[in-house]
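Engineer: One structure, as structure tokens, below. Some questions next.
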Amino acid sequence: MEVIYTRVDPIFYVFDQFSKNSSKQTIYLLNFFVPNTPQHVLTTGLKYNFKRNGFAQFNVSYADRNYVELNPLRRTVDFVRNVERNDPLFRQIIDQEKLPHYVVVDFNVFKSYKIKNKFISISLALNNLLNNTSMKSGGFEQNRLNTQELDISQFPNKYFNLQGFNFFLNINLSLNESN
């Protein structure tokens with residue numbers, strides 16, 4: 001059995017609402033990564049179960065190979081027409097930016113009690129214990145371009161950062177009678 005591979009690149013269409021002018025350009029998007037989603041994630045943790053109705057949990061998570069969302073206009077033939085393929089500027093324009101890896105440390109505790117045939121539970125989650133607010137969880141290339149000088153640094157990428165230390169406390173009271 002022979003597998004036939006057909007490459008189909010997306011087409012970018014430009015229409016002018018005040019005239020009949022229009023154009024179309026091929027966008028080259030082969031071998032890029034899904035943006036804003038780490039490709040490698042590892043989580044490890046310790047969990048201690050209480051003797052009755054509860055647990056405490058400590059987790060460390062690592063994320064790597066996270067990439068920014070692409071601006072398709074930078075990947076058109078018209079934008080890089082005057083740049084040689086072996087020029088470092090070509091790679092700077094075409095390559096997808098990889099974000100730095102990051103580590104997050106979390107702690108959770110849960111405990112429930114039975115009081116007069118009713119259940120009450122308390123849970124506490126402490127997230128990003130290291131309070132690292134410089135972790136980039138995603139980003140995007142701006143859709144603005146300097147087509148005259150091919151200067152992509154004029155409109156730098158925008159990033160999303162993880163929240164710093166945050167927590168939540170949940171108290172639950174069950175009004176149903178328990179057996």
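Engineer: Scan Phe140, Phe79 and give me the residue that is within 25 Å of Leu29 (Cβ to Cβ), at pLDDT below 90 and touching a strand residue (DSSP E or B) at 6+ places or on another chain (Cβ under 9 Å). Lay out the reasoning, then the answer.
Structural biologist: Details: Phe140 fails: at pLDDT below 90.
Only one candidate qualifies: Phe79.
Engineer: List every residue pair whose Cβ atoms sit under 6 Å apart, with the two residues 6 or more apart in sequence or on different chains, where the first one lies in segment 105-120 and is aromatic (Phe, Trp, Tyr) and the second, anywhere, is surrounded by 13 or more Cβ atoms within 10 Å (Cβ to Cβ) and modelled with pLDDT of 90 or more.
Structural biologist: Short answer, once both residue conditions are applied: Phe107/Phe58; Phe107/Leu126; Phe110/Gly54; Phe110/Phe55; Phe110/Ser123; Tyr113/Ile120; Phe119/Ser112.
Engineer: Which residue out of Thr133, Thr147 is hydroxyl-bearing (Ser, Thr, Tyr), at pLDDT below 95, farther than 19 Å from Asn36 by Cα and within 31 Å of the chain's Cα centre (by Cα)? Quick ask: steps written out before the conclusion?
Structural biologist: Numbers: Thr133 fails: farther than 19 Å from Asn36 by Cα.
Answer to the check: Thr147.
Engineer: Test Asn59 against the stated conditions and say whether it is under 31 Å from the mean Cα position of the chain (by Cα), part of a loop (DSSP other than H, G, I, E, B) and not small (Gly, Ala, Ser). Explain how you work it out, then say what you get.
Structural biologist: Values: under 31 Å from the mean Cα position of the chain (by Cα): yes; part of a loop (DSSP other than H, G, I, E, B): no; not small (Gly, Ala, Ser): yes.
So Asn59 fails the test.
Engineer: Would you be able to say whether some residue in segment 49-65 is surrounded by 10 or more Cβ atoms within 10 Å (Cβ to Cβ) and without any contact (Cβ under 8 Å) to a residue 24 or more places away in the chain? Steps first, answer last, please.
Structural biologist: Restricting attention to segment 49-65, the residues satisfying the condition of being surrounded by 10 or more Cβ atoms within 10 Å (Cβ to Cβ) are 49-50, 53-65.
Those still in the list that are without any contact (Cβ under 8 Å) to a residue 24 or more places away in the chain too: 49.
Looking for residues that are surrounded by 10 or more Cβ atoms within 10 Å (Cβ to Cβ) and without any contact (Cβ under 8 Å) to a residue 24 or more places away in the chain, one finds at least one in segment 49-65, hence yes.
Engineer: Confirm whether Val34 is more than 16 Å from Glu141 (Cα to Cα), under 19 Å from the mean Cα position of the chain (by Cα) and either at pLDDT below 95 or not in a loop (DSSP other than H, G, I, E, B) (or both). Give the steps one after another, and end with the answer.
Structural biologist: Values: more than 16 Å from Glu141 (Cα to Cα): no; under 19 Å from the mean Cα position of the chain (by Cα): yes; either at pLDDT below 95 or not in a loop (DSSP other than H, G, I, E, B) (or both): yes.
The answer is no for Val34.
Engineer: Which of the residues that make up segment 85-100 are farther than 16 Å from Leu70 by Cβ and either touching a residue at least 40 places away in the same chain (Cβ under 8 Å) or aromatic (Phe, Trp, Tyr) (or both)? Write out each step before concluding.
Structural biologist: Within segment 85-100, the subset farther than 16 Å from Leu70 by Cβ is 85-89, 100.
Correct list: Leu89 only.
The values are calculated or read from the model by the stated rules, or taken from the named source; none is laboratory data. Just so it is clear, the structure is predicted and the values come from calculations on it, not from any experiment. We place every Cβ from the backbone using ideal geometry, glycine too, and count neighbours over all the protein chains shown.
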